[in-house]
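Engineer: Sending over a structure as structure tokens; questions will come in a sec.
The values are calculated or read from the model by the stated rules, or taken from the named source; none is laboratory data. Since the model is a prediction, treat every value here as computed from it, not as a measurement. For neighbour counting, all protein chains shown are included, and Cβ atoms are generated from backbone atoms with ideal geometry for every residue, glycine included.
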Amino acid sequence: MKIGYLIPEWPGQTHVWAWREICHLRELGLDVTIISTRRPPQITRGKHEFTDAAEAETVYLVPLRWYDVIQELAWAIAHCPGQLLACLRLGLTLPVYQKPNLRSVLPLLIPSLQLVRILRQHQIEHLHTPMPANSAILCMMAKQLAQVPYSLTLCAPVSHWGGAMREKILGAAFVTVVASWMLEQVQQICPDLPADRLSMTRHGVDPHKWVPVPQVSKQADAPTRLVSIGRLAPCKGFDVLLKAIAMVKQQGLALELHIAGEGNERPALEQLVRDLHLEKEVTLLGSVSEDQCLAEMQAADMFVLASHQEPLGVVYLEAMAVEVATVGTRAGGVVDMIVDGETGLLVPPGDVEALSGAIARLIQNPGLRDRLGKAGRQAVLSHFDSRIGATKLRDLMVHSTYDLQNLEESALSSSCPV
């Protein structure tokens, strides 16, 4: 089966999970063509080992060449004028957040024609997008124009994707989410969505790559090494983490913290490090590759991330996969992954005192760190191997019949060739 995997501004620094999913879908026998809206800005382009190869094979919708635009418009006018008018109506009436539609949605019609040309060239039978903002609208237009079904994965709250989510979801062959709390959100806005068109497919982590390594023996007075990884954004709670580290330091416990990631909050965090006198304890590594993240995890005694909100949080699973004791917050999908006291420790979001207490507890109890780390990897192997979610997604693509039946019926009354 030939699949189009549509992801915007690919390959970005945060797209490791998508590359895993694409690779697994190919391992499972699908012919996957990667399609993207445009290349990412250099500042957000991925620094990973796969980035160059992934970019080289990706088909980009923009920039558009003027003669391609004319050619695709001529094709649509000649072969499916009714569907072209339907896309125009869609572009003008879709209830997105950003208004007016004339400026926010209607301009997507031209890239959608380019997308249709790619679908024809590669004989793609199904479109999937894991980031259903404008990409979902492109899928909706391509469905109108080329009679190709599409599916969506929600990896963030419904409110994150620019509006018109009911229309995007009901038009899809099926929808998947990455955490249990998202199921309720989808059901609330689409109570009429058939149960067999809504599933959960967690992104997970590849435990074949993310493996533990033997720990090097340390001197008794050596500092405990902590690592935290994520975008330097307010939602990740790095300010809370730094304040917790300062409290632990005041208890006379030796530790060092490496933070990997980049973002707009960096200047504020650098200032907070100085204000808390943590220059010797805290190192901001900046944006690093997946392999560097793996090396940091494998060298750590503990992983900590103090997110205020987290749709799923694959980085927690990466830490668990390498048998590193993990401390997280009861935020979003984190509670799906970590069982407090069994596979990690959980604290309330924003609670500096509780976070510092959890960190101090693990510093003082190496045996607990070891037990949590081993249990965390077993949880990944049993429930969060990225192949599990990819297999479910493959099966849904192969066996989904809802849209195919509807498309066959609509094609009978259409002049647009399938």
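Engineer: Could you tell me which of the residues 310, 323, 318 is buried (at least 22 other Cβ atoms within 10 Å of the Cβ), of a type in the set (D, E, K, R), at pLDDT 95 or above and within 20 Å of the chain's Cα centre (by Cα)?
Structural biologist: Going through 310, 323, 318 in turn, the sole match is 318.
Engineer: Might you let me know whether segment 177-184 holds any residue that is outside the structural domain of residue 260 (by TED's automatic domain parsing), within 23 Å of residue 312 (Cα to Cα), modelled with pLDDT of 95 or more and of a type in the set (Phe, Trp, Tyr)?
Structural biologist: Scanning segment 177-184 turns up no residue that is outside the structural domain of residue 260 (by TED's automatic domain parsing), within 23 Å of residue 312 (Cα to Cα), modelled with pLDDT of 95 or more and of a type in the set (Phe, Trp, Tyr).
Engineer: What number of residues in segment 233-258 are surrounded by fewer than 17 Cβ atoms within 10 Å (Cβ to Cβ) and either without any contact (Cβ under 8 Å) to a residue 24 or more places away in the chain or of a type in the set (A, V, I, L, M) (or both)?
Structural biologist: The number of residues fulfilling the criteria is 5.
Engineer: Right, here's the next one. Only one residue in 361, 377, 369, 330 is basic (Lys, Arg) and either in contact with a Gly (Cβ under 7 Å, 6 or more places away or on another chain) or closer than 14 Å to residue 305 by Cα (or both). Which one?
Structural biologist: 330
Engineer: Can you pull out the helices (runs of 4 or more DSSP H) entirely within segment 124-227 that have at least 1 residues that are touching an Asp or Glu at 6+ places or on another chain (Cβ under 7 Å)?
Structural biologist: Fully inside segment 124-227 and qualifying: 180-189.
Engineer: Inside segment 255-342, counting only strands (runs of 3 or more DSSP E) that do not spill past its ends, which hold 1 or more residues that are aromatic (Phe, Trp, Tyr) and in contact with a strand residue (DSSP E or B) (Cβ under 6 Å, 6 or more places away or on another chain)?
Structural biologist: 302-304
Each row is one residue, and each column tells you yes or no for (1) crowded, with 20+ Cβ neighbours inside 10 Å; (2) without any contact (Cβ under 8 Å) to a residue 12 or more places away in the chain; (3) more than 22 Å from the chain's Cα centre (by Cα).
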site	(1), (2), (3)
200	no, no, no
210	yes, no, no
216	no, yes, yes
219	no, yes, yes
223	no, no, yes
260	yes, no, no
270	no, no, yes
274	no, yes, yes
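Engineer: Now for a different question. Here are some residues: 169, 124, 137. Which one is modelled with pLDDT of 95 or more, among the aliphatic types (A, V, I, L, M) and touching a Cys at 6+ places or on another chain (Cβ under 8 Å)?
Structural biologist: After applying the criteria, what remains is 169.
Engineer: Take segment 138-182 and flag every residue that is of a type outside the set (A, V, I, L, M) and over 21 Å from residue 92 (Cβ atoms).
Structural biologist: 147, 149, 151, 153, 155, 157, 159, 160, 174, 176, 180, 181
Engineer: Let me ask something else. Looking at segment 348-368 only, could you name the residues that are without any contact (Cβ under 8 Å) to a residue 24 or more places away in the chain and either within 25 Å of residue 177 (Cα to Cα) or in contact with a Phe, Trp or Tyr (Cβ under 8 Å, 6 or more places away or on another chain) (or both)?
Structural biologist: Across segment 348-368, the qualifying residue is only 348.
Engineer: Determine whether segment 343-359 contains at least one residue that is among the polar types (S, T, N, Q), surrounded by 19 or more Cβ atoms within 10 Å (Cβ to Cβ) and in a helix (DSSP H, G or I).
Structural biologist: yes
Engineer: Could you check how many residues of segment 125-135 are surrounded by 24 or more Cβ atoms within 10 Å (Cβ to Cβ) and of a type in the set (A, V, I, L, M, F, W, C)?
Structural biologist: 1
Engineer: May I ask you to list pairs of residues, at least six apart or on different chains, whose Cβ atoms are under 7 Å apart, with the first in segment 320-332 being on the phi > 0 side of the Ramachandran plot and the second being part of a loop (DSSP other than H, G, I, E, B)?
Structural biologist: 323/212; 332/179; 332/309; 332/310; 332/311
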